[in-house]
Amino acid sequence: MADFHLAATMMAPQFLGEGRIGETEKPVPRPGPGQLLLQVRANALCGSERGQFYDGTPVTPGHEAAGVVAAVGPGTHTPVGTPGVVFLMDFCGECRNCRLGLTNQCLAKRADMGFNQDGGYGPYELVHENIFFPIDGDIPLTDATLLLDIMGTNGHAIGRARLVHPDPQSMVVTGAGPIGLGMAAMAKIMFGTDFPVAIADVVPWRLRLAETLGALPIDLNRQALAEGLQRHGLAAADLAMDTSGRQAARQACLGVLAKRGVLVCIGHGEGLTLSVSPDLIANERAVLGSEYFCFDELAANLALLRTQREYLNQIITHRFGVGEIEVAFRTFFGGETGKVVIEQ
Ligand SMILES: [Zn+2]
Ligand SMILES: [Zn+2]
């Protein structure tokens, strides 16, 4: 194992709680059997890190990491120097769900990277080789983070909707944070630029960014979801994608869902009240959950990223060095950003 070039320790961000991030010294891990040590180059911030930022955690967060293999453990086949991204869920590869390729539903998951095991805000991240997805050197590693929550999570949610809806002709998205923006972009990429995607939020800044991606903005400060949809010439939506996690948003989605329509819940959070007969049975509508994505979806998304990189890159609005991580988080949770990426 050629790791003589690695230092013994590294300084990693420490999430102290109450919106403060300090620094802590940790050993640079040495890869064991089946493991790779990555030198992290980019890690995107995510709304799901709100708890870690405000409550603190002993783990180094970061679950949207891209980096380069710095050292390899026994039994691996990835060469040192290979660039790639990290899949959040350290899936087993052997359970019933993994054997079907449903690696986001692994029954014997070893870890969630960046949540219960050190993730990508430190200079190095230790991963099992099966969750490392290599990419070619032609894609900058900041852009490669788009493969994760932006393309992966949204592409998967659209795939879930398509399981029950063969011919969607319209979409409404609630929440124009990074996931909602990514949803609008992936819908345009997958269904064509003429496919109408309405997107609703209370932050005008985000709605303007959504508009530059080709989405139809609905400012919920000024109008209800149904009214906004009508003003864009849409009586109802075949697909409703809730990225907000808010009950009010999900109920409003149900209210504008067409016959045979599908509501996909992507944002974690609050509940949903269903009146089963009018909401589901009479109109044959469906409510689905969608969680992250399957590892095997990365290859198709990488092909899409190659052709749509300039378009998708508009979602990354801020880049910070790792020394500015606290400011990066404050800016992000201030609400007027797209995706924010820490680069090192
Ligand atoms: Zn995330
Ligand atoms: Zn499994």
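The values are calculated or read from the model by the stated rules, or taken from the named source; none is laboratory data. These numbers were taken from a predicted model, which means no experiment stands behind them. Cβ placement follows ideal geometry from the backbone for every residue including glycine, while neighbour counts extend to all protein chains displayed.
What the table shows:
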quantity	calculated
Residue list for region 280-294, restricted to those being touching a strand residue (DSSP E or B) at 6+ places or on another chain (Cβ under 8 Å) and either at positive phi or in a loop (DSSP other than H, G, I, E, B) (or both)	Asn283, Glu284, Arg285, Ser290, Tyr292
Meets criteria (surrounded by fewer than 19 Cβ atoms within 10 Å (Cβ to Cβ), closer than 23 Å to Ala328 by Cα and hydroxyl-bearing (Ser, Thr, Tyr)) for Thr24	yes
Region 162-178, residues that are surrounded by fewer than 24 Cβ atoms within 10 Å (Cβ to Cβ) and within 16 Å of Pro204 (Cα to Cα)	Gly177
Qualifying residue in region 52-71 (condition: at positive phi and assigned to a strand (DSSP E or B))	no
Failed criterion for Phe133 (all others in (1) within 16 Å of ligand 2 (Cβ to nearest atom); (2) in a strand (DSSP E or B) hold)	(1)
Test: residue in region 279-294 that is touching a Gly at 6+ places or on another chain (Cβ under 6 Å) and within 18 Å of Gly180 (Cβ to Cβ)	yes
Residue selected from region 72-96 under the condition part of a strand (DSSP E or B) and out of contact with any Phe, Trp or Tyr (no Cβ under 9 Å at 6 or more places or on another chain), by the criterion nearest to Leu107 (Cα to Cα)	Val72
Residues (over 30 Å from Lys339 (Cβ atoms) and among the hydroxyl-bearing types (Ser, Thr, Tyr)) located in region 1-46	Thr9
Residue within region 123-134 that is surrounded by 18 or more Cβ atoms within 10 Å (Cβ to Cβ), within 16 Å of ligand 1 (Cβ to nearest atom) and not β-branched (Val, Ile, Thr) present	yes
Leu38 vs. criteria under 24 Å from Ala328 (Cβ atoms) and within 16 Å of ligand 2 (Cβ to nearest atom)	no
Residues that are aliphatic (A, V, I, L, M) and assigned to a helix (DSSP H, G or I), drawn from region 237-271	Ala248, Ala249, Ala252, Leu254, Val256
Test: residue in region 35-43 that is of a type outside the set (Ser, Thr, Tyr) and assigned to a loop (DSSP other than H, G, I, E, B)	no
So Asp149, is it closer than 30 Å to His77 by Cβ, in contact with a Lys or Arg (Cβ under 9 Å, 6 or more places away or on another chain) and within 16 Å of ligand 1 (Cβ to nearest atom)	yes
Condition met for Gly51 (within 16 Å of ligand 2 (Cβ to nearest atom) and modelled with pLDDT of 95 or more)	no
Meets criteria (surrounded by fewer than 21 Cβ atoms within 10 Å (Cβ to Cβ), free of Cβ contacts under 8 Å to residues at least 40 places away in the same chain and among the β-branched types (Val, Ile, Thr)) for Thr82	no
Search result, residues across region 51-67 that are out of contact with any Pro (no Cβ under 9 Å at 6 or more places or on another chain) and within 13 Å of Phe87 (Cβ to Cβ)	His63, Glu64, Ala65
Among the residues listed as Val68, Val59, the single one being within 16 Å of ligand 1 (Cβ to nearest atom) and surrounded by fewer than 23 Cβ atoms within 10 Å (Cβ to Cβ)	Val59
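To keep it simple, each residue is scored yes or no on (1) acidic (Asp, Glu); (2) closer than 29 Å to Ala210 by Cα; (3) out of contact with any helix residue (DSSP H, G or I) (no Cβ under 6 Å at 6 or more places or on another chain); (4) within 16 Å of ligand 2 (Cβ to nearest atom).
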| site | (1), (2), (3), (4) |
| --- | --- |
| Asp90 | yes, no, no, yes |
| Cys95 | no, no, yes, yes |
| Leu100 | no, no, yes, yes |
| Ala108 | no, no, yes, yes |
| Met151 | no, yes, no, no |
| Arg162 | no, yes, yes, no |
| Ile179 | no, yes, yes, no |
